[in-house]
Amino acid sequence: MTTTADRATPTTESRITQRRPLGKRIYGFLRSIPTWLLWILVIIWTIPTFSLLVNSFRTRDEQRASGFWNAFRDEGFPTLANYDEVLFPDVGAGLGNALLNSAAIAIVATIIPIAIAAFAAYAFAWIDFKGREWLFIGTVALLAVPTQVSLIPLLSTYSNGVALTLPIIDKTIQLIPDLDLSGSIPAVWLTHTGFALPFAIFLLHNYIAGLPKSIFESASIDGADHFKIFWRLVLPLSVPVLAAFAIFQFLWTWNDYLIALTMIGGNREALPATIVVASLAGEFGAREHLLTAGAFVITVVPLAVFFALQRFFVRGITAGSVKG
Amino acid sequence: MDRVVVTVVGIVAAVGLSGLVFVGINKLYDLTEKRYPLFSATVGALWSVIVFGVLWGNRLIASPVVATLIAVAIGAAAGYLLGVTEAPPRRLAIGAAGGTALGLLLGSSARSQTWPSLDPIGIVIGLVVGTGLAYLLWIARGRKHNLVSRLLLGAAVGWLFGAWLAVDLDGSKAEVFVTAAVLGALVGAAVGYSPYPDGVRRGEIAVASRKYIFLAPALFFVSAALVIPLGRTIWLGFLTGNPRELRWTGLTNYSDILSDPGIINFDGFSGMFSSKLFWLAVVLAVVGIAVGRWTGRTGGTGLGTGFAFTTGSLSLLAGGAALLGFAIFTSIRGTIPNNLWWIFSVIIFAVSLGLAVAVLADRSKGENIAKSLIFLPMAISFVGASVIWRLIYVARPPQDPQTGVFNSLWVMIGEWSNSTAASTVVALILGLIIVALLYLAWRAWQAESNTVLAGSLAVVLVLGWLVYRFVGPGIGGFKVSEVTGEIIADPVLFIQNAPWNNFWMMVVFIWIQTGFAMVIFSAAIKAVPTELLEAARIDGATETQTFWRVTVPQIFPTIGVVVTTLIVTVLKVFDIPKVMTNGNFDTQVLANEMWERAFTQLDFGVGSAVAVLLFVGVLPVMYINVRRMQRERLG
């Protein structure tokens, strides 16, 4: 008791003695406006996602009748009816199926580019050869190239193969046969892999090139070749950056709309979830209420990844952007 | 359930197969030093598989399975024998025999429509040109390789063209046997003529092969998905017609695009000079210049121009420039100005808001929570974000309650400004805030803190205008009904009303990208050396001065990185306009224009030309990136 009192007294006293005049206090309050601004901004930034979450648990009529802030006055809130309807193919949009496709696209289109980029990043960092710098810069420079410039040729390659008409003798050689890939998930894998590589190589190279030279020297004295060094040393040591890129690429492929729309197009069986939700959004009408649940379903996976692995994600974004 | 199984099997197969190929090739080259015959046999078998596989894929051979299996056996046998034989004459004999055997196999299984009719002139030309080129190449590569072997290879390529590809394919079975056998013999002899690699050479092969193995998959995918398609798209941009029969048309696609009023038109340009936005921009700029001149004269950092670059003058000028940009982009319309407007506003808002949050959150309480929540939209897809913001922007009919946040607030403000009681209360509250701000401004005046002074006066101006609107003509979403004279709700059609609907879509993008800018700025701010900041403070700099004079110059390169990254991301914005308006209501952007032209109208020529325009847009960014990397890597 006494100790608490002893501790309490000086603070109370000092508060009284240091009590500042009214003007100073107003000034102090106004000086704290920046902090307030920050939190106001945070709230504004959160409202949209929050409103989606709340509305997805409201019935169609309630969503049309009042804003999300009235949800707690609704009867029967929260309801899972929208989710039920949107996920299962017999009743609703069949988003369940589409989620599987999204997973199939995102998982493969994450693992393959990581593997390929890791080999290449290692080669660019630790294998000496002529023209290495230029090849590296040229590859990485391509990360600014917009996806759109490749869509038409890639799609025609997937559907017709590649034929080369030789000049002078005027004969056509089919270099790549018609693989009939358009409308299929492998087409999306291949496209994502190609587009991901410049950034992946850039990110992984920055990290792998920064590994201490001594470990490579001692390993090669012990007789390890490049493949062994890569497999036994570089891969385990690069786990943080591999994870960073994996999250990046997973989010990018899961959230992708353009590439899947172009490469899969009309094949309803293979469509990923983003396209199904976007087409729901295009309907304007009867199934509008499903949109909230649908949008939340496709959002919840990246959000889970994001919250679970935020640290890696942030590291991936900042790596290479900030010197040091 | 079936679909789950199929999906999982597909995933495992795709990943496993890619892994096996890579590990397998590495293991194969591990064999070179110690078990060379096995390596050699495998390489022989692999080449046979590749050649016969390609022919099989092109449907050029009959009974492909049998032929491929026999080819593998011959290739493996020849490879093994070459791997154990060191004497040059015997190696040559083995190579030629193996090649001839493979050639005869090819000749016997080639489909009849591939049988050439032999033409001596073509053969002579082919052989001469082939060996000639091989000789030149041998000189160009520094005379390192075995000349005879190279000449034989050149002769093989020349033979392939002269005897097979350049002639009519209506020959006899005998002719195809001869052609294929000679081709095989030439290639086989070229291989067999190469010297037997000793231990050192084999070690070199093992090491030198790694760079190719490690780089090949990446370079293959990058060229197949980016480099070659880029070239083909540029080429397609000069063609026209339906996708099956394209013909050359020169620059017509480009002139069509640039003269399309939907893509760019200046009709509204003169209207800009009667817009409030424009004149507000002019006023801000003039005031900014005046403030700069005035502080410059009274002893600011003039840099000899009599103009002081202070927070006040700079923010006024920047505000003026931003408003001017908006005035320009709301009057010059079309797809290209839209894209430029996207770049302009996303950079302004995402960079300034991202920087603001990074600074405000730095070392404040709850920094991590605040940053996570601002960053969260980065994880959400553009499709999801578009749906989310459609709910925020939705406009219900005037008689119904508004369910969107924006319209709900806007209509509520309208109701308040039309009720005497509510507008009085609002005006009183705003009045109190104004008084407080004026007091703050006075204190700032005394403390000579120009930033706070300018900031609070600016807010006072805005609030004063709000008070005027509340008490006077009214503000918010209402209108007076022409029929009954009643006051009714008047929601804004955020998504339909051009040109500002574009801006409301940019808000979605800004909502997402602010987190990106913030994370990078935050890392950059934390990387500013503390000694610098402390030194500045010891020298008596205020927080504001420290920020502008120390922190900002330190993070300036980072601002460049963020801006270039944003330009690339914004330029190809597609999902948001596609989902929210599909380019209707005057909201078309280049990426969606390209998609519409190429895949809806099937006009590959114009679609490619639009894609090329996008590519031209990122060229400056590519140049900057390359220069930056050169500086960092080549010193």
Exercise. What number of residues in segment A:255-291 are facing another protein chain (nearest Cβ under 7 Å) and farther than 22 Å from B:Ala598 by Cβ?
Worked result: 4
For this session: Sort out which residues of segment B:231-241 are crowded, with 20+ Cβ neighbours inside 10 Å and either facing another protein chain (nearest Cβ under 7 Å) or under 16 Å from the mean Cα position of the chain (by Cα) (or both), and write them in order of number.
Result: B:Thr233, B:Leu236
Problem set entry | Filter result for A:Val239 (of a type in the set (Val, Ile, Thr), under 21 Å from A:Val305 (Cβ atoms) and surrounded by fewer than 19 Cβ atoms within 10 Å (Cβ to Cβ)) | yes
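Within 14 Å of chain A (Cβ to nearest Cβ) and closer than 28 Å to B:Asp586 by Cα - does that describe any residue in segment B:528-544? Reasoning before the result, please.
Pass one, segment B:528-544, residues within 14 Å of chain A (Cβ to nearest Cβ): B:528-530, B:532, B:542-544.
Subset that is closer than 28 Å to B:Asp586 by Cα: none.
The answer is no, given that none of the residues of segment B:528-544 is within 14 Å of chain A (Cβ to nearest Cβ) and closer than 28 Å to B:Asp586 by Cα.
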Exercise. Which condition number does B:Arg396 fail, the rest of (1) surrounded by fewer than 22 Cβ atoms within 10 Å (Cβ to Cβ); (2) facing chain A (nearest Cβ under 7 Å); (3) under 21 Å from B:Val579 (Cα atoms) being met?
Worked result: (2)
Exercise. Can you tell me how many residues in segment A:40-77 are of a type in the set (Ser, Thr, Tyr), out of contact with any Phe, Trp or Tyr (no Cβ under 9 Å at 6 or more places or on another chain) and within 19 Å of B:Pro401 (Cα to Cα)?
Worked result: 1
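What helices (runs of 4 or more DSSP H), lying completely within segment B:449-547, carry at least 3 residues that are surrounded by fewer than 19 Cβ atoms within 10 Å (Cβ to Cβ) and of a type outside the set (A, V, I, L, M, F, W, C)?
Working: elements: B:450-471, B:500-527, B:530-538, B:543-546.
Because the criterion is at least 3 residues that are surrounded by fewer than 19 Cβ atoms within 10 Å (Cβ to Cβ) and of a type outside the set (A, V, I, L, M, F, W, C), the helices (runs of 4 or more DSSP H) in segment B:449-547 that meet it are B:450-471, B:530-538, B:543-546.
Without any contact (Cβ under 8 Å) to a residue 60 or more places away in the chain and either crowded, with 23+ Cβ neighbours inside 10 Å or assigned to a helix (DSSP H, G or I) (or both), is that true of B:Leu152? Break it down into steps so the answer makes sense when it comes.
Values: without any contact (Cβ under 8 Å) to a residue 60 or more places away in the chain: yes; either crowded, with 23+ Cβ neighbours inside 10 Å or assigned to a helix (DSSP H, G or I) (or both): yes.
Yes, satisfied.
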For this session: Consider only pairs whose beta carbons are under 6 Å apart and that are at least six residues apart or on different chains; among these, list those whose first residue lies in segment A:119-137 and is more than 8 Å from every other protein chain (Cβ to nearest Cβ) and whose second residue is surrounded by fewer than 17 Cβ atoms within 10 Å (Cβ to Cβ).
Result: A:Ala125/A:Ala209
For this session: Would you please name the residue that is modelled with the highest pLDDT, looking only at residues in segment A:314-324 that are within 8 Å of another protein chain (Cβ to nearest Cβ) and surrounded by 17 or more Cβ atoms within 10 Å (Cβ to Cβ)?
Result: A:Val314
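Answer yes or no as to whether A:Gly194 is free of Cβ contacts under 8 Å to residues at least 60 places away in the same chain, within 11 Å of another protein chain (Cβ to nearest Cβ) and in contact with a strand residue (DSSP E or B) (Cβ under 6 Å, 6 or more places away or on another chain).
It is false that A:Gly194 is free of Cβ contacts under 8 Å to residues at least 60 places away in the same chain, within 11 Å of another protein chain (Cβ to nearest Cβ) and in contact with a strand residue (DSSP E or B) (Cβ under 6 Å, 6 or more places away or on another chain).
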Exercise. For segment B:4-40, how many residues meet the condition of being more than 22 Å from B:Ala216 (Cα to Cα), over 33 Å from the mean Cα position of the chain (by Cα) and of a type in the set (A, V, I, L, M)?
Worked result: 2
Exercise. Of B:Thr42, B:Thr32, which residue is under 30 Å from A:Phe230 (Cα atoms), within 14 Å of chain A (Cβ to nearest Cβ) and part of a helix (DSSP H, G or I)?
Worked result: B:Thr32
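Sort through A:Ile43, A:Ile105 and tell me the only one that's surrounded by fewer than 17 Cβ atoms within 10 Å (Cβ to Cβ), part of a helix (DSSP H, G or I), at pLDDT 90 or above and within 10 Å of chain B (Cβ to nearest Cβ).
Values: A:Ile105 fails: surrounded by fewer than 17 Cβ atoms within 10 Å (Cβ to Cβ).
One residue alone meets the criteria, A:Ile43.
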For this session: Please verify whether segment B:522-535 includes one or more residues that are within 18 Å of B:Met505 (Cβ to Cβ), touching a Ser or Thr at 6+ places or on another chain (Cβ under 8 Å) and touching a residue at least 12 places away in the same chain (Cβ under 8 Å).
Result: no
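Which of the residues belonging to segment B:193-224 are in a helix (DSSP H, G or I), among the small types (Gly, Ala, Ser) and in contact with a Ser or Thr (Cβ under 6 Å, 6 or more places away or on another chain)?
Selection gives B:Ala206 alone.
Quick check on my filter: what residues within segment B:225-247 are hydrophobic (A, V, I, L, M, F, W, C) and at pLDDT below 90?
Taking segment B:225-247 as the starting set, the residues that turn out to be hydrophobic (A, V, I, L, M, F, W, C) are B:225-228, B:230, B:234-236, B:238-239, B:246.
Of everything in segment B:225-247, just one residue is hydrophobic (A, V, I, L, M, F, W, C) and at pLDDT below 90, namely B:Leu246.
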Exercise. Here are some conditions: (1) in a helix (DSSP H, G or I); (2) surrounded by 15 or more Cβ atoms within 10 Å (Cβ to Cβ); (3) more than 9 Å from every other protein chain (Cβ to nearest Cβ). B:Thr424 meets all but one. Which one does it not meet?
Worked result: (2)
Exercise. Which residue out of B:Trp595, B:Trp504 is touching a residue at least 60 places away in the same chain (Cβ under 8 Å) and over 20 Å from A:Gly316 (Cβ atoms)?
Worked result: B:Trp504
For this session: List the number of the failed condition for B:Gly95; all other conditions in (1) within 16 Å of B:Ala156 (Cα to Cα); (2) at pLDDT 90 or above; (3) surrounded by fewer than 20 Cβ atoms within 10 Å (Cβ to Cβ) hold.
Result: (3)
Seminar exercise, completed: Across (1) closer than 28 Å to A:Ser56 by Cβ; (2) more than 29 Å from the chain's Cα centre (by Cα); (3) of a type outside the set (D, E, K, R); (4) at the interface with another protein chain (Cβ under 8 Å from one of its Cβ atoms), B:Ala361 clears everything bar (1)
For this session: Restricting attention to segment B:549-574, report how many residues are among the aromatic types (Phe, Trp, Tyr), under 18 Å from B:Val589 (Cα atoms) and part of a helix (DSSP H, G or I).
Result: 0
Exercise. What is the number of the single condition among (1) within 11 Å of chain A (Cβ to nearest Cβ); (2) modelled with pLDDT of 90 or more that B:Leu634 does not meet?
Worked result: (2)
For this session: Among the candidates A:Phe77, A:Phe68, A:Phe119, single out the residue that is in contact with a Ser or Thr (Cβ under 9 Å, 6 or more places away or on another chain) and either surrounded by 20 or more Cβ atoms within 10 Å (Cβ to Cβ) or small (Gly, Ala, Ser) (or both).
Result: A:Phe68
Problem set entry | Criterion: under 30 Å from A:Thr193 (Cα atoms) and in a helix (DSSP H, G or I) - qualifying residue of B:Leu20, B:Leu92 | B:Leu20
Exercise. Which residue pairs have Cβ atoms under 7 Å apart, sit 6 or more places apart or on different chains, and have a first residue in segment A:45-69 that is within 23 Å of B:Met412 (Cβ to Cβ) and a second that is aromatic (Phe, Trp, Tyr) and modelled with pLDDT under 90?
Worked result: A:Ser51/A:Phe68; A:Val54/A:Phe68; A:Asn55/A:Phe68; A:Arg58/A:Phe77
Problem set entry | Subset tally (residues that are surrounded by 15 or more Cβ atoms within 10 Å (Cβ to Cβ), of a type in the set (Gly, Ala, Ser) and at pLDDT 90 or above) for segment B:248-284 | 1
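In the list A:Gly266, A:Gly223, A:Gly194, A:Gly210, which residue meets the criterion of being closer than 22 Å to A:Ala115 by Cα and assigned to a loop (DSSP other than H, G, I, E, B)? Give the steps one after another, and end with the answer.
Details: A:Gly266 fails: closer than 22 Å to A:Ala115 by Cα; A:Gly223 fails: closer than 22 Å to A:Ala115 by Cα; A:Gly194 fails: assigned to a loop (DSSP other than H, G, I, E, B).
None of the other options fit; the residue is A:Gly210.
The values are calculated or read from the model by the stated rules, or taken from the named source; none is laboratory data. Worth saying up front: this structure is predicted, and the values here are computed from it rather than measured. As a convention, Cβ positions derive from the backbone with ideal geometry for all residues, glycine included, and neighbour counts pool all protein chains shown.
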